[in-house]
Every structure is written in structure tokens, then in C-alpha cells.
Amino acid sequence: MINFNNVSKHFAGKAAVSDLSLNIAKGEFTVLIGTSGSGKSTTLKMINRLIEHDEGTIQFAGEEIRSFNPQVLRRRMGYAIQSIGLFPHWTVEKNIATVPALLNWPKGKISARIGELLALLNLDERFRHRYPHQLSGGQQQRVGVARALAADPEVLLMDEPFGALDPVTRGALQQEIVRIHQLLGRTIVLVTHDIDEALALADRLVLMDGGQVIQQGTPYEMLTRPKNDFVRDFFGRSELGVRLLALGNAGAAARRGEWIEEEAIPESMTLREALSQFIARQTDRLAVLDAQQKPLGVLHFADLLRQRGN
Ligand code: ADP
Ligand code: MG
């Protein structure tokens, strides 16, 4: 879907990105991670030509991105950023409708689409007529994501979209975006410097440093087969165990055919969260429910130790 071949970008003679090659498959959730200044945002913005690359080629759907009109390209790619960038004097409705209005969608179609998106992002239908300042930070960020999705773009680009939120709101929005990705199957490229966020979201992780890709792979590959000390250190030796637990879920690890009458946990709970539950409840067994709220099995504390992620 998106291919970078030996791409470089310089600002005032200094390389922000150098010799970067990257293939992003259709429908994949790719997360660019790295410390501040590693070239993540520059890489992302080269995809929708907010920044023009100066060496190499970037292709979108098989065509060099320079062959597209930038406006047309941007309408095919939703873009959401940390500062949200909602227009303060526009209602939620008008903000979400930005791209559909540019595309001259009929009024009825736009209104119906806004209804769909509010529902998708768990926003109250009555928020339509509010202004951004009348919403919480988390709600504003949801509107930002709704706006990015409005014209059903083929690609969703997100730059630290949840960076400014408190941990609880952030966790909720992370789950939301995973659900939306599973539901819509859109290609997503998200930038973050937060390791746990990256591990929770990515199908494919791309670790950048100094404008270069150091290693890319699935979260499990990156944690278990780091290419060098930099990668190992980046993902944190000491917390490696808990981070691996975050990749597995209770449903996959539970023992089928067993049951105990205790307050149960959902199958979607990560093993890392399950570990907290074991500790909080002072127990070594947890009942696990499936998505239909039916008994699925029992997770044993010992199962955490043999769990190998996915
Ligand atoms: P990240 O998003 O990983 O924090 P960036 O891609 O924003 O990193 O920046 C990479 C490097 O390029 C940094 O050294 C940054 O200072 C530089 N840079 C980014 N944008 C500009 C710009 N518009 N002008 C000059 N330098 C820039
Ligand atoms: Mg950045």
C-alpha cells in the first residue's frame, strides 16, 4: 500500500530521515516508534506530502506520490495529531464534516455519516452541536479521529494522537482504535514514543533512531529477537517480561473445560492486566468469560510463566 525506497529528507543540510526503506501492507496497523527527534513525524508527513522527500521514492497504491495532486492525496488519507487541530469556532458536526464538505457530499449523506462516526467513537449524538471547548480532552480527541475517518480514507495517519491524554482516557482510546481497525480493516500508520502504546497497537513495529530504521517486525519479534543492544535497551531489559505478557490475552491462555465460581475476567484482558488481577485478588486462579459472557475456562497463575505472547 505504501512503499518507501531509500528515502531521505534534509532540513538545512541536516538529515531528518536517511535512506529509509519501508513497506506498509494494506490493512496493516504499523507503529513508528523511537525517541524524540528520531524522524518519525517527518516519515509520517512524507506519506501525505505535508513534507516533500528529497531523495528516493515513495509509492502509494503502486504510484509515486508526486504523481498525485497533494489535495487529492490528503483526502484519501485521514490525518490525526496530538494537538487535535479542531477548528475552535466550528461545531463538532462541522469539524467532522471538513473533508466530506470539500468533496461536495450531499447534506443528507454528510449528516448520516456524522451520526455513524459519533456512534463508532462512542460520542453522544447531542455533541453534534457543541464546540470543541465544551468537550473534554478525550472527547475532543475522539472527534479528531472521527474527522480523520469521515470520508472513509484508505489510510489513517496518526501522530501521537493520544499523547496529551491522561492514562485512563488514553487506554480507552487505544482500545477504541484497535476495535475500529479490526472493524474497518483500514491501513493505519501511527507514531508514538510510548513503548507500551506501540506494543498494544501494532501489527508491525518500526523502531527508528537518528532518521533510520533500526529494526522492524512484529512486537513479539522485536521483544524476543532484538537485532542489537540498542533495540534490547529501547524495549527495556527489566520490563521485558511484563511487556511480553501484554501481548497475550486471557482467552488464549485459559484452560478450557475448567470453571470456578468467582468474579470472572473477559477473554480480551491482556495477561499483563490479569497479573494485576491475580495480585489484587490474592488468588492463583481466575475465571475467564468469552465475548458472549459465557464461561470459557480458568486462567492459572502458572500459565503466565509459560505464556509466549503471539
Ligand atoms: P520525531 O517525530 O521522531 O520526534 P521529527 O521527524 O519531528 O522527529 O524530526 C526529526 C529531525 O528533523 C529532528 O532533528 C528535528 O529537529 C528535525 N526537523 C523536523 N522538522 C523540521 C523542520 N521543519 N525544520 C528543521 N528541522 C526539522
Ligand atoms: Mg514527532
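The values are calculated or read from the model by the stated rules, or taken from the named source; none is laboratory data. The shown structure was predicted, so the numbers you read here are calculated from the model rather than taken from an experiment. For neighbour counting, all protein chains shown are included, and Cβ atoms are generated from backbone atoms with ideal geometry for every residue, glycine included. We work out accessible area using only protein heavy atoms, side chains counted, and drop any ligands, DNA or RNA first. Shrake-Rupley method; radii C 1.70, N 1.55, O 1.52, S 1.80 Å.
When the test is whether a residue is open to solvent by 30 Å² or more (accessible area, probe 1.4 Å) and assigned by TED's automatic domain parsing to the domain that holds Asp290, Arg186 does not pass it. Against the test of being at positive phi, open to solvent by 40 Å² or more (accessible area, probe 1.4 Å) and not acidic (Asp, Glu), the options Gln216, Gln277, Gln293, Gln212 yield a single qualifying residue, Gln293. Could you check region 11-29 and list, in sequence order, the residues that are in contact with a Ser or Thr (Cβ under 7 Å, 6 or more places away or on another chain), of a type in the set (D, E, K, R) and more than 19 Å from Ala198 (Cβ to Cβ)? Within region 11-29, Asp19, Lys26 meet the criteria.
Of all the residues in region 152-175, those that are away from ligand 1 (no atom under 16 Å from the Cβ) and either open to solvent by 20 Å² or more (accessible area, probe 1.4 Å) or not in a helix (DSSP H, G or I) (or both) number 15.
All conditions but one from (1) of a type in the set (A, V, I, L, M, F, W, C); (2) touching a strand residue (DSSP E or B) at 6+ places or on another chain (Cβ under 6 Å); (3) surrounded by 15 or more Cβ atoms within 10 Å (Cβ to Cβ) apply to Trp259; the one that does not is (3). When residues in region 50-60 are screened for being more than 14 Å from ligand 1 (Cβ to nearest atom) and of a type outside the set (S, T, N, Q), 4 of them pass.
Only strands (runs of 3 or more DSSP E) whose full extent lies in region 193-297 are considered here, and the ones with at least 3 residues that are in the same structural domain as Lys40 (by TED's automatic domain parsing) and in contact (Cβ under 8 Å) with a residue 12 or more places away in the chain are 204-209, 212-217. Could you list all residues from region 158-200 that are over 14 Å from Gln141 (Cα atoms), of a type in the set (A, V, I, L, M) and away from ligand 2 (no atom under 16 Å from the Cβ)? Within region 158-200, Val178, Ile180, Leu183, Leu184, Ile188, Leu199, Ala200 meet the criteria. Selection over region 49-65 of residues that are touching a residue at least 40 places away in the same chain (Cβ under 8 Å) and surrounded by 19 or more Cβ atoms within 10 Å (Cβ to Cβ) gives a count of 3. From the list Asp196, Asp209, the one residue that fits, being modelled with pLDDT under 90 and among the charged types (D, E, K, R), is Asp196. Scanning region 133-147 for residues that are open to solvent by 10 Å² or more (accessible area, probe 1.4 Å), closer than 16 Å to Thr98 by Cα and not basic (Lys, Arg) yields one hit, Gln140. Only one of the numbered conditions (1) open to solvent by 40 Å² or more (accessible area, probe 1.4 Å); (2) at pLDDT below 95; (3) within 16 Å of ligand 2 (Cβ to nearest atom) is not met by Arg75, and that is (3).
Counting the residues of region 34-72 that are within 16 Å of ligand 2 (Cβ to nearest atom), farther than 24 Å from Phe234 by Cα and polar (S, T, N, Q) gives 1. Just the residues that are open to solvent by less than 10 Å² (accessible area, probe 1.4 Å) and either in contact with a Cys (Cβ under 6 Å, 6 or more places away or on another chain) or more than 16 Å from ligand 1 (Cβ to nearest atom) (or both), please, taken from region 1-48. Within region 1-48, Ile2, Ile24, Phe29 meet the criteria. Against the conditions (1) surrounded by 13 or more Cβ atoms within 10 Å (Cβ to Cβ); (2) polar (S, T, N, Q); (3) at pLDDT 95 or above, Thr98 satisfies every one except (3).
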